[in-house]
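Engineer: Have a look at this one.
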Amino acid sequence: MIVEQIWTGNDYRNFNYLIACGETGEALAIDPLDHEKCLSRARDRGWEITQVLNTHEHFDHTGGNAAVIRATGAKLLAHANAGSSIEGMDRGLGAGDVVAVGKTVELLALDTPGHTMSHVCLLSKTETPALFCGDTLFNAGAGNCHGGGHPEELFTTFDRQLAELPDTTLIYAGHDYLTNNLGFTLDREPDNAVAKKLLDDLRDSHDPDNAMVTTLAIEKDINTFFRLTSPTVIAGIVEAFPEVGDSPSPREVFLRLRELRNSW
Ligand SMILES: [Zn+2]
Ligand SMILES: [Zn+2]
């Protein structure tokens, strides 16, 4: 499996992805908003884009579909329930469905509601798994829920699915928000030494064209939305929302963090 992370350089800070089979040169384009960059990268590598996948229905993820499909004849894949909001879907995905790319790549579809209710993540079936997680999980952050999502569902997705993946899983998110999100982590957990060091390191060196790829293990250290039992995180929630009592549940902490992040 060959992964190309394509930095769009747009105001929304989108990342687009190409996933290719090294044997056949067939490629899957994930959320190819910057269709020109995606098409030219595929051309440079000698790949043929045969499938386009949208992680969810927001325009900054679907806006390049038409141009890529016009140029390549690729099939369009998305969540089975996204058909009313994504035009021209060829295949609707549910949990456990497999997306094959060429002969050597298989990706497992995860049904991951929360950011929207028709959101899929893809998990590669490779020795080191890779997760293409759209706007569900960001590096050091979580998707917002004001474009058709629900924080309770997002918590369940984090708790029951994402947190259960192998710690080695590589995290490929839909936007470049890492440095900003680390600021929120440190706002909630000023004593998080791993986050502080990473932000210090990235201040000078962060380059979205050659972005750091985190793992789930790193996320568990630096992503507040995985740090629901940290005493500092809990103390901050209790202080901001005394009504939660002295020992809020991980679910309650997650929901309050999501609320705080909305206005941070
Ligand atoms: Zn979105
Ligand atoms: Zn987005």
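The values are calculated or read from the model by the stated rules, or taken from the named source; none is laboratory data. The structure presented is a predicted model; accordingly, all values stated were derived computationally and were not measured. Counting neighbours? That spans all protein chains shown, and the Cβs are built from the backbone with ideal geometry, glycine included. Surface accessibility is based on the protein's heavy atoms, side chains included, excluding ligands, DNA and RNA. Shrake-Rupley method; radii C 1.70, N 1.55, O 1.52, S 1.80 Å.
Engineer: With every protein chain left in place and a probe of 1.4 Å, what is the accessible surface of E153, to the nearest 10 Å²?
Structural biologist: Taking all protein chains as shown, E153 has close to 70 Å².
Engineer: Could you tell me the ratio Rg/Rh of the range 28-161? Both radii from Cα atoms, Rh via Kirkwood.
Structural biologist: Details: Rg = 14.4 Å, Rh = 15.1 Å.
Rg/Rh for the range 28-161 comes to 0.96.
Engineer: Additional query: For V52, what residues show an amide H to amide H distance below 5 Å, using hydrogens built from the backbone and excluding near sequence neighbours?
Structural biologist: Counting only residues 5 or more places away or on other chains, the set is A29, K75, L76, L77.
Engineer: Oh, and also: Rounded to the nearest 500, what is the chain's calculated 222 nm mean residue ellipticity when only DSSP H runs of at least 4 contribute -39500 (n - 2.57) each, over all residues? Numbers along the way, then the final one.
Structural biologist: Values: 9 runs with 83 residues, N = 264.
Helices in the chain give a 222 nm mean residue ellipticity of -9000 deg cm²/dmol.
Engineer: On the Cα set of the chain, report Rg and Dmax in Å, please.
Structural biologist: 18.3, 59
Engineer: In Å², what does the accessible area per residue of the range 200-264 work out to with a 1.4 Å probe?
Structural biologist: So the range 200-264 comes to 53 Å² accessible per residue, rounded to a whole number.
Engineer: If you don't mind, there's one more thing I want to ask. Please give the net charge around I171, taking every other residue with its beta carbon less than 12 angstrom from that of I171, where Lys and Arg add +1 and Asp and Glu add -1. Spell out each step's value before the answer.
Structural biologist: Values: positive: K220; negative: D167, E219.
Charge balance in the 12 Å sphere: -1.
Engineer: If you don't mind, there's one more thing I want to ask. For K220 and I2, calculate 0.36 nm times their separation in residues minus their Cα-Cα distance, and state this gained length in nm to one decimal. Present the calculation step by step, with values, prior to reporting the outcome.
Structural biologist: Working: separation 218, 0.36 × 218 = 78.48 nm, distance 2.56 nm.
The K220-I2 span can extend by a further 75.9 nm.
Engineer: Tally Lys and Arg at +1 and Asp and Glu at -1 over the other residues with C-beta under 9 Å from the C-beta of T24: what net charge comes out?
Structural biologist: Details: positive: K103; negative: E23, E26, E48.
Once positives and negatives cancel, what remains is -2.
Engineer: Next question. Using Cα-Cα distances under 8 Å and only pairs 6 or more residues apart, what relative contact order does the chain have, in percent?
Structural biologist: Details: 534 pairs, mean separation 34.5, N = 264.
Rounded, it is 13 percent for the chain.
Engineer: Once you list every other residue whose beta carbon is under 11 Å from the beta carbon of T72, what net charge do they have if Lys and Arg are +1 and Asp and Glu are -1? Show your work: numbers first, answer last.
Structural biologist: Details: positive: R43, R70, K75; negative: E26, E48.
Around T72, the surrounding residues sum to +1.
Engineer: Another question, then. What area, in nm² and to one decimal, does the C-alpha convex hull of the range 157-264 cast on average over all directions? If you can, show how the numbers build up before the last one.
Structural biologist: Working: hull surface 28.2 nm².
Average projection, Cα convex hull of the range 157-264: 7.1 nm².
Engineer: For the pairs K103/K125; K103/K220; K75/K125; K125/K220; K37/K75, note any where the Cα-Cα span goes beyond 24 Å.
Structural biologist: Numbers: K103/K125 13 Å; K103/K220 33 Å; K75/K125 21 Å; K125/K220 22 Å; K37/K75 19 Å.
From K103/K125; K103/K220; K75/K125; K125/K220; K37/K75, over 24 Å: K103/K220.
Engineer: Taking all protein chains together and a probe of 1.4 Å, list Y172, Y177, Y17 from the most accessible to the least accessible. Intermediate results must be reported in sequence, preceding the final value.
Structural biologist: Working: Y172 30, Y177 70, Y17 5 Å².
From most accessible down to least: Y177, Y172, Y17.
Engineer: What is the Cα convex hull volume of the range 116-164 when expressed per residue in Å³?
Structural biologist: Numbers: hull volume 3.8 nm³, N = 49.
Hull volume over Cα atoms, normalised by residue count, gives 78 Å³.
Engineer: Which residues in the range 121-163 place their backbone N less than 13 Å from a point set 7 Å from the Cα of A240 along the Cα-to-Cβ direction?
Structural biologist: 142
Engineer: Let me know the shape class of the range 14-104, please: from the alpha-carbon gyration tensor, a ≥ b ≥ c as square roots of the eigenvalues, rounded when a/c is under 1.5, otherwise prolate if a/b is greater than b/c, or oblate.
Structural biologist: Values: a/c = 1.96, a/b = 1.25, b/c = 1.57.
The shape class here is oblate.
Engineer: Looking at the range 92-180, which trypsin sites (Lys or Arg not before Pro) are in a loop (DSSP not H, G, I, E or B) and have at most 14 other Cβ atoms within 10 Å? All intermediate terms of the calculation are to be shown ahead of the outcome.
Structural biologist: Working: sites: K103, K125, R160; in loops: K103, K125.
Loop-located and lightly packed - K103, K125.
Engineer: What is the distance in Å between the Cα centres of the range 157-203 and the range 221-251?
Structural biologist: Cα centres, the range 157-203 to the range 221-251: 16 Å.
Engineer: With both bridge residues required to lie in the chain, what share of the DSSP beta bridges run antiparallel, to the nearest 5%?
Structural biologist: Numbers: 26 of 40 bridges.
Looking only at bridges with both residues in the chain, the antiparallel portion is about 65 percent.
Engineer: Using only alpha carbon pairs under 8 Å that are at least six residues apart, calculate the relative contact order of the range 125-264 and give it in whole percent. Present the calculation step by step, with values, prior to reporting the outcome.
Structural biologist: Numbers: 168 pairs, mean separation 40.1, N = 140.
Relative contact order for the range 125-264 comes out at 29 percent.
Engineer: For the pair T128 and R70, how long in nm is the line joining their label points, each one 7 Å along Cα→Cβ?
Structural biologist: 3.9 nm
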